[in-house]
1. Of all residues in region 46-62, which are within 17 Å of residue 92 (Cα to Cα) and without any contact (Cβ under 8 Å) to a residue 24 or more places away in the chain?
2. Would you please name the residue that is farthest from the chain's Cα centre (by Cα), looking only at residues in region 109-137 that are surrounded by 12 or more Cβ atoms within 10 Å (Cβ to Cβ) and within 24 Å of residue 79 (Cβ to Cβ)?
3. Only residues that are surrounded by 12 or more Cβ atoms within 10 Å (Cβ to Cβ) and more than 18 Å from residue 49 (Cα to Cα): list them for region 83-92, please.
4. If you scan region 164-184, which residues turn out to be outside any strand (DSSP E or B) and under 23 Å from the mean Cα position of the chain (by Cα)?
5. Which of the numbered conditions does residue 144 fail, given that it passes all the others? Conditions: (1) closer than 15 Å to residue 71 by Cβ; (2) more than 18 Å from the chain's Cα centre (by Cα); (3) surrounded by fewer than 20 Cβ atoms within 10 Å (Cβ to Cβ).
6. Among the residues of region 99-108, which ones are touching a residue at least 12 places away in the same chain (Cβ under 8 Å) and either surrounded by 13 or more Cβ atoms within 10 Å (Cβ to Cβ) or under 26 Å from the mean Cα position of the chain (by Cα) (or both)?
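Just so it is clear, none of the values below were taken in a lab; they were calculated from the coordinates. No experiment lies behind these values; they were computed from the predicted model shown. Heads up, the Cβs are rebuilt from the backbone with ideal geometry, glycines too, and the neighbour counts pull from every protein chain shown.
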């Protein structure tokens, strides 16, 4: 009977340890999925070779499915984004809703003029720094959308005014968000 009791006590802690370990792994996986997966997707998108100031990429994660959206100038940026995200461990499905902007010499010229108008203004020039600028200028058949993050409402308004003053712009939509860490 004593032997039976020792065996019984030996199994119970092992089973408890297995249940605890399984629960711990589930919690770790959930926290990695919620933050880690999002960070990995973001990193893959912002390091695309031709992703730039005239492109806008967004994503949504639902379990192991990543939905990509936004607008890009080059078709290769769209396909590269989908391929890179699909290779991330934990991603089982990628829905690629990224729009390739139409090829237009008018829009190409407008992009150059917009870039100069917005980023040549002293207070906004800092948003063009680095490999992934804070402000993205999306041009679709003469219609401009400002995407990204700025430090304050004044910068958002100034970017809108500068873009709206460029000859050839039909309309400007301002989707610039003010950074939570520096609202003024």
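1. Listed by number, the residues that qualify are 60, 62.
2. Filtering first and then ranking leaves 111.
3. Scanning region 83-92 gives 90, 91.
4. Within region 164-184, the first condition is being outside any strand (DSSP E or B), and the residues that meet it are 164-170, 179-184.
Scanning region 164-184 gives 179, 180, 181, 182, 183.
5. Unmet for residue 144, out of (1) closer than 15 Å to residue 71 by Cβ; (2) more than 18 Å from the chain's Cα centre (by Cα); (3) surrounded by fewer than 20 Cβ atoms within 10 Å (Cβ to Cβ): (3).
6. 99, 100, 101, 102, 104, 107
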